């Protein structure tokens with residue numbers, strides 16, 4: 001394990017936005033439990049699509065889009081608050 005310094009651009013809660021030394025753009029630290037939930041949500045979406053249940057798939061996709069949208073908003077808000085350019 002290596003210890004590194006990072007610039008913390010938000011509070012250190014879930015989905016912290018931080019920039020590692022030497023990197024141009026910040027990243028988002030997603031906790032392991034949150035990552036597992038996101039993966040399970042995508043797996044459910046794939047299963048619903050494979051089963052042809054488009055109504056439930058659409059609902060699952062909407063929830064996933066909202067969750068990722070909230071993370072993206074937190075990221076862009078942090079960059080804007082610190083006067084940093086977006087990587088996209």
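Would you point out the residue of the stretch 1-19, among those that are exposed (fewer than 15 other Cβ atoms within 10 Å of the Cβ) and within 18 Å of residue 74 (Cβ to Cβ), that is nearest to the chain's Cα centre (by Cα)?
Once the filter is applied, the top-ranked residue is 14.
Out of all the residues in the stretch 65-73, is one or more assigned to a helix (DSSP H, G or I), more than 25 Å from residue 12 (Cβ to Cβ) and under 12 Å from the mean Cα position of the chain (by Cα)? It would help to see each step written out before you state the result.
Just the residues of the stretch 65-73 that are assigned to a helix (DSSP H, G or I), to begin with: 65-73.
Pick out the ones that are also more than 25 Å from residue 12 (Cβ to Cβ) and you get 65.
Within this subset, residues satisfying the condition of being under 12 Å from the mean Cα position of the chain (by Cα) are 65.
Yes, the stretch 65-73 contains at least one residue that is assigned to a helix (DSSP H, G or I), more than 25 Å from residue 12 (Cβ to Cβ) and under 12 Å from the mean Cα position of the chain (by Cα).
Among the numbered criteria (1) surrounded by 13 or more Cβ atoms within 10 Å (Cβ to Cβ); (2) within 18 Å of residue 87 (Cβ to Cβ); (3) modelled with pLDDT of 95 or more; (4) touching a helix residue (DSSP H, G or I) at 6+ places or on another chain (Cβ under 9 Å), which single criterion is violated by residue 68?
Among (1) surrounded by 13 or more Cβ atoms within 10 Å (Cβ to Cβ); (2) within 18 Å of residue 87 (Cβ to Cβ); (3) modelled with pLDDT of 95 or more; (4) touching a helix residue (DSSP H, G or I) at 6+ places or on another chain (Cβ under 9 Å), the lone unmet condition for residue 68 is (1).
Residues in the stretch 7-26 that are in contact with a strand residue (DSSP E or B) (Cβ under 8 Å, 6 or more places away or on another chain), modelled with pLDDT under 95 and closer than 14 Å to residue 71 by Cβ: how many?
The number of residues fulfilling the criteria is 1.
Looking at the stretch 35-51, which of its residues are in contact with a helix residue (DSSP H, G or I) (Cβ under 9 Å, 6 or more places away or on another chain) and closer than 22 Å to residue 73 by Cβ?
The answer is 37, 38, 41, 42, 45.
In the stretch 78-88, what residues are in contact (Cβ under 8 Å) with a residue 40 or more places away in the chain and assigned to a helix (DSSP H, G or I)?
Within the stretch 78-88, 78, 79, 81 qualify.
The values are calculated or read from the model by the stated rules, or taken from the named source; none is laboratory data. In this text the structure is predicted, and so the values were computed from the model without any measurement. Here the Cβ is made from the backbone with ideal geometry for all residues, glycine too, and neighbour counts use every protein chain on show.
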